[in-house]
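Enquirer: First, the structure itself, so that you have it in front of you.
All of the numbers you see were taken from the coordinates with simple rules; none came from a lab. Small disclaimer: the values here were computed from a predicted structure and weren't measured. No Cβ is skipped: glycine too gets one built from the backbone with ideal geometry, and neighbour counts run over all protein chains shown.
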Amino acid sequence: MLETEHGFFELIKNFREAFVLEDFNQRYTDYFSQYQYIVGDYSAGLLRLKGFSNGNHHLIPDYIAESCAPNCAYYILKNKQVKKGVKEE
């Protein structure tokens, strides 16, 4: 369990030690509070965040394979306090 400035998250995967608390705290916005899962990956040295709901979290491996640089550092977080109105994409 991770405590951040934005609440509690479970670190599900941390490929290549990608999770950096300071980077996450700077990049995260309230927009992501509606998502159950958040994928963070580094592209050109910058952290990118992408949200996934319970209804589409099975697409995370496809997102990593298709949208991330090969063998890039990434992590998957599970949001422990999703706000009401969760998107089901």
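Enquirer: Along the positive direction of the dipole of the chain (beta-carbon charges: Lys, Arg +1; Asp, Glu -1; about the Cα centre), which of Ala73, Leu11, Gly55 reaches farthest?
Expert: The residue sitting farthest along the positive end of the dipole is Gly55.
Enquirer: Still on this structure, please answer the following. Hey, what did region 2-79 get for relative contact order, percent, Cα under 8 Å, at least 6 apart? The partial results should precede the final answer.
Expert: Details: 119 pairs, mean separation 34.4, N = 78.
Once divided by the residue count of region 2-79, the mean separation gives 44 percent.
Enquirer: About its Cα centre, what dipole magnitude does the chain give when the only charges are +1 on Lys and Arg Cβ and -1 on Asp and Glu Cβ, stated in debye to the nearest 20?
Expert: 160 debye
Enquirer: How much length, in nm to one decimal, is gained on full extension between Leu21 and Glu3, taken as 0.36 nm per residue of separation minus their Cα-Cα distance?
Expert: Full extension from Leu21 to Glu3 adds 5.6 nm.
Enquirer: For Lys80, list the aspartates and glutamates whose Cα falls under 12 Å from its own Cα; do not include residues on the same chain fewer than 8 positions away.
Expert: Straight-line reach from Lys80, under 12 Å: Glu3, Glu10.
Enquirer: Sticking with this one: For the chain, what does the equivalent ellipsoid look like in terms of its semi-axes, each the square root of 5 times an eigenvalue of the Cα gyration tensor, given largest first in whole Å?
Expert: Calculated on Cα positions only, the semi-axes equal 19, 16, 11 Å.
Enquirer: Oh, and also: Using only the Cα atoms, work out Rg/Rh for region 20-59, with Rh taken as the Kirkwood radius, to two decimals.
Expert: Radius of gyration over Kirkwood radius for region 20-59 works out to 0.99.
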